[in-house]
Amino acid sequence: MKNVLIVDDEKVFLLSLSDGLKSYSDEFNVLIAFNGKEAVKILNSTKIDLVVTDLKMPEMDGFQLLAYLTRHFSNIPTIVMTAFGTPDMEGKLLTMGATQYLEKPLDFDVLADNIRQHVARDDSQGHIKGITLGTFLQFLEMEGKTCTLTVISNERIGRLYCLEGELINAKTETLEGEQAAYEIIGWDETEIEINYLCENKTKTIISPLSFVLMESCKMKDEDSKQLEKQETKDIEENGIDKIEEIDFLVDEKEDETKPDYIEEKHEEYLVSQPEIENTSRDTGIMTAQEKLEPFKSIIDFAGVGILTPIGEPLVMLPAGELNLTEIAILANNILVNAQKASQNMGAGNCEMIHIETDRIHMLVRCLNEGKDPFKVYPGKAHIHMVLVLSSEAGIGLAKLKMVSAIKSLADDFRI
């Protein structure tokens, strides 16, 4: 049974929320905490599978709790509740990862559906968990917070300075300003510490946060390409035999046994591989991947993926060196905002959007067998498909393929 921890200082609201969720007691347990300190005690004594937290709380607020999660429980997904969101700020939350943002006053059914989606996901699906640094910065912007973030990644340390929600400066050991921000935001496996003082009020970052996040994503993608090219060059220069020799670290006496060792490992792999593919979940993923394969024939195909409506990657089929997962999450959230806008305009349900940049084209399509585009119904599929092309040449064929493919994928992703 999965455990869901809900954190909020409004006791009446929290207790009524807990009572309401008892109807789902066969799916998950609900634990409650009235501030961040109480939440930390529960996190350190009980296995928690999902955290739902408010941001504005006494003693230890939601930002401090989220920062604590990045340092000690980075694998736990989170849902953030806040009464201070606006439609404009909601539109800026484009790097949500596995963190869902819900505005107060809450729609109980929407919250319950989001919790059920999270707890229904099996860890083996490999969807992104925890809160990203980009998401954390967007929440700070939304709440208008003044603070200094100390960001740690492996042995690297960087600092981000925010004044009334605006990212104004950043520093690493060698960089300052926007270049430092690009680098820090691109770090993996970050730990965050927050101090509610802006220790450097010199404004060196002029670009808005949304641009800084997108530029950091682009630079990270380019760095990955350069690293892969260098690794390929090293292999070509050193030769495969030399690399194997370094990996095995054998002396001359052991060298005679090397071929048998390699053969044994290969046989073990051949035996274990069918066992992995025979599990029902992996078979489902393989089926989905096979259904995505035809997209590779589209001119200038760059990648295709399937996500949940809240931005959790389910299946990714990249081509070349594109950082597909991060791009797909961004595109997915643009679709969600477009769906909300189309409903507010009374224009009906938005089923697909086309995002065009100077580098790529993105088609994002929704398949929802339920009636409400923002809810998940038991036994009904609700998925989003993101297709990326490097030119507009294959747009027409891509749209036709998306319609048929996404319908055939429904069976693979019904909850």
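Here are some notes:
- Note on LYS218 and LYS296: the extension gain reaches 25.8 nm, defined as 0.36 nm multiplied by sequence separation minus the Cα-Cα distance.
- Label separation (ASN349 vs GLU59): 4.4 nm, computed from points 7 Å beyond Cα along the C-beta direction.
- Taken along the Cα-to-beta-carbon direction at a fixed 7 Å, the label points for SER210 and LYS2 span 3.1 nm.
- Here LYS340 and GLU176 are evaluated by their C-beta separation; at R0 = 41 Å the FRET efficiency comes out at 0.60.
- A straight chain from GLU392 to LYS37 at 0.36 nm per residue would run longer than the Cα-Cα distance by 122.6 nm.
- Theoretical gain in end-to-end length, ASN154 to SER45 [0.36 nm per residue, Cα-Cα removed]: 36.6 nm
- Using θ = phi - 60° and Karplus 6.51 cos²θ - 1.76 cosθ + 1.60, couplings along region 296-302 (whole Hz; Gly, Pro as x): 5, 7, 6, 4, 6, 4, 10
- Cα principal axis extents for region 146-211, largest first, Å: 28, 23, 21
- Separation of region 292-338 and region 339-367, taken as the distance between their Cα centroids, equals 14 angstrom.
- Taking every alpha-carbon pair under 8 Å whose residues sit at least 6 apart, region 285-387 reaches a relative contact order of 25 percent.
- In Hz, Karplus ³J(HN,Hα) per residue of region 50-59 (6.51, -1.76, 1.60; θ = phi - 60°; x = Gly, Pro): 7, 10, 10, 9, 7, 9, 9, 8, x, 6
- In this calculation the C-beta distance from LYS203 to GLU10 is compared with R0 = 51 Å, giving a FRET efficiency of 0.90.
- Annotation: amide H-H contacts under 5 Å for LYS2 (H modelled 1.01 Å from N, sequence separation of 5 or more, or interchain): ASN29.
- Using θ = phi - 60° in the Karplus curve 6.51 cos²θ - 1.76 cosθ + 1.60, the 3J(HN,Hα) couplings for region 33-44 round to 9, 9, 6, x, 5, 5, 5, 4, 4, 5, 4, 8 Hz; x is entered for Gly and Pro.
- Look at the dipole of region 293-415 built from charges on Cβ: of ALA338, GLY370, ILE406, the Cα furthest out on the positive end belongs to GLY370.
Only the coordinates and a few stated rules stand behind these numbers; no lab work does. Treat the numbers as computed from the prediction; the structure is a model and nothing was measured. Ideal geometry is used to build each Cβ from the backbone, glycine not excepted, and the neighbour counts take in all protein chains shown.
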